[in-house]
1. Which distance in nm do the two modelled labels at residue 52 and residue 9 give, with both placed 7 Å along the Cα-to-Cβ direction?
2. Once phi is turned into ³J(HN,Hα) by the Karplus curve 6.51 cos²θ - 1.76 cosθ + 1.60 with θ = phi - 60°, what whole-Hz value does each residue of region 56-72 show in order, with x for glycine and proline?
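Laboratory data are not the source of any read-out in this text; all were calculated from the coordinates shown. The model shown is predicted, which means the values in this text are computed figures rather than measured ones. Note: ideal-geometry Cβ built from the backbone for every residue, glycine included; neighbour counts use all protein chains shown.
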Amino acid sequence: MSRIKSRLFLVFSLVLSGKTFAQCVMCSEVAGKEDKAVGINEGILYLMAAPYLVMAAALVGYLLYRRHKKRKTMEPLG
C-alpha cells in the first residue's frame, strides 16, 4: 500500500510541478518583466535536472547489476 501511495505522490508532484515557474524576489528584480525571466527559469530547470538524471542513471545501473547478479546465481551448474 505504501508503494502505491509513494508512486501516486511522485506522479502528482511531477504533473503539478509544471505550473510552479516561480522565482525568488532577487531573481525577479534582476530579470524584470522581460523575456530574461524565461531564460532564468529555463536555466534553473536545467541545473536542477542534472543531479536527478545522474541519480536516475545510477539507480538504473544498480538495478541492472542486481538483476544480472540474481540471474547468475540462479543458473544451474553443469
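1. 1.6 nm
2. Calculated HN-Hα couplings, in order: 5, 5, 5, 5, 5, x, 5, 5, 5, 4, 5, 5, 5, 5, 5, 5, 5 Hz.
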